[in-house]
Amino acid sequence: MTFFTLSKRASLLDTRIWLSITGLLLLVLAVVAGFGVAAGLGVGFSYNNIMIAFLIACLGVNDMYILTGAFDAQDPATPVEDRMARTMRQCGKSLLYTALTTSAAFFLGAYSEYFGIQTFCYYAGTTVFTLYLLQVNVFAPAIVLDARR
């Protein structure tokens with residue numbers, strides 16, 4: 001579904017299929033990397049942590065829509081790099097603040113006395129911030145590469 005919703009027009013020729021695949025693979029990578037960071041820090045694992053994948057899917061697809069929508073709203077006559085710079089100036093802070101506040105909320109939830117909630121919050125906090133880093137450092141340049149094609 002993201003193949004068509006990220007596209008500018010409802011045409012099979014204008015779909016952003018590779019951009020959508022890149023974004024969806026970044027969601028998987030964010031979960032794997034976030035879980036790896038939390039496990040590397042010695043945080044125990046609970047089977048409730050599997051639900052974090054659904055949380056990351058929602059947050060990640062939302063970020064993809066925000067970035068592509070803001071990029072498409074720019075004047076197409078300007079160079080692609082300038083359009084992305086304006087896009088990041090326009091919505092980069094909101095993506096950062098959302099990632100920081102969500103991660104902070106999860107890390108504060110890790111002070112719970114219940115093991116399942118503690119591990120869920122540690123894993124979710126690291127995964128949310130990892131997703132932000134991947135969106136800014138990989139997905140945004142992927143939008144630029146897609147615009148150049």
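The values are calculated or read from the model by the stated rules, or taken from the named source; none is laboratory data. Every value quoted in this text rests on a predicted model; they were computed, and no experiment measured them. Here the Cβ positions follow ideal geometry from the backbone for every residue, glycine too, while neighbour counts run over all protein chains shown. Only protein heavy atoms, including side chains, enter the accessible area calculation; ligands, DNA and RNA are left aside. Shrake-Rupley method; radii C 1.70, N 1.55, O 1.52, S 1.80 Å.
Side notes on the structure shown:
- Subset of segment 100-148 (residues that are of a type in the set (Phe, Trp, Tyr) and either in a helix (DSSP H, G or I) or under 13 Å from the mean Cα position of the chain (by Cα) (or both)): Phe106, Phe107, Phe115, Phe120, Tyr122, Tyr123, Phe129, Tyr132, Phe139
- Scan of segment 112-141 for residues that are free of Cβ contacts under 8 Å to residues at least 40 places away in the same chain, among the polar types (S, T, N, Q) and in contact with a helix residue (DSSP H, G or I) (Cβ under 6 Å, 6 or more places away or on another chain), ordered by number: Ser112
- Of Thr98, Thr126, all but one fail to be touching a Gly at 6+ places or on another chain (Cβ under 8 Å) and crowded, with 16+ Cβ neighbours inside 10 Å; the exception is Thr126.
- In the set (1) part of a helix (DSSP H, G or I); (2) crowded, with 17+ Cβ neighbours inside 10 Å; (3) free of Cβ contacts under 8 Å to residues at least 24 places away in the same chain, the condition left unmet by Thr68 is number (3).
- Total residues in segment 22-60 satisfying the condition of being in a helix (DSSP H, G or I) and open to solvent by less than 60 Å² (accessible area, probe 1.4 Å): the figure is 20.
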